[in-house]
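Undergrad: Structure incoming, see below.
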Ligand SMILES: [Zn+2]
Ligand SMILES: [Zn+2]
């Protein structure tokens, strides 16, 4: 059994798992919502990203974002 420091609450804990990062399921859950709140690039609404690279609040906005990127530099009238 090895001792680790929880990446979320910074408390030491012991685990049989050599790759353990979190002391509990609760902290593991926290780890997924740790990213700072961002504003969606499409609707500018605040949202909690689930991945650091996310740009959009929802699937709907990400589709719009990808369509805009696909149109690229061609002239586009809103
Ligand atoms: Zn913890
Ligand atoms: Zn959005």
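The values are calculated or read from the model by the stated rules, or taken from the named source; none is laboratory data. In this text the structure is predicted, and so the values were computed from the model without any measurement. Every residue, glycine among them, receives a Cβ derived from its backbone with ideal geometry; neighbour counts consider all protein chains shown.
Undergrad: Using the structure shown, decide if residue 21 is within 22 Å of residue 5 (Cα to Cα) and at pLDDT 90 or above.
TA: Criteria met by residue 21.
Undergrad: Out of curiosity, is residue 50 modelled with pLDDT under 90 and either under 16 Å from the mean Cα position of the chain (by Cα) or within 16 Å of ligand 1 (Cβ to nearest atom) (or both)?
TA: It is true that residue 50 is modelled with pLDDT under 90 and either under 16 Å from the mean Cα position of the chain (by Cα) or within 16 Å of ligand 1 (Cβ to nearest atom) (or both).
Residue-wise test of (1) out of contact with any strand residue (DSSP E or B) (no Cβ under 8 Å at 6 or more places or on another chain); (2) within 16 Å of ligand 2 (Cβ to nearest atom); (3) more than 30 Å from residue 66 (Cβ to Cβ).
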site: 2; (1), (2), (3): no, no, yes
site: 14; (1), (2), (3): no, no, yes
site: 19; (1), (2), (3): yes, no, yes
site: 28; (1), (2), (3): yes, no, yes
site: 31; (1), (2), (3): yes, no, no
site: 39; (1), (2), (3): no, yes, no
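Undergrad: Just one of the numbered conditions (1) within 12 Å of the chain's Cα centre (by Cα); (2) at pLDDT 85 or above is not true of residue 59; which one?
TA: Just one mismatch for residue 59, condition (1).
Undergrad: For region 12-31, enumerate the residues that are surrounded by 12 or more Cβ atoms within 10 Å (Cβ to Cβ) and assigned to a loop (DSSP other than H, G, I, E, B).
TA: 20, 21, 22, 23, 24
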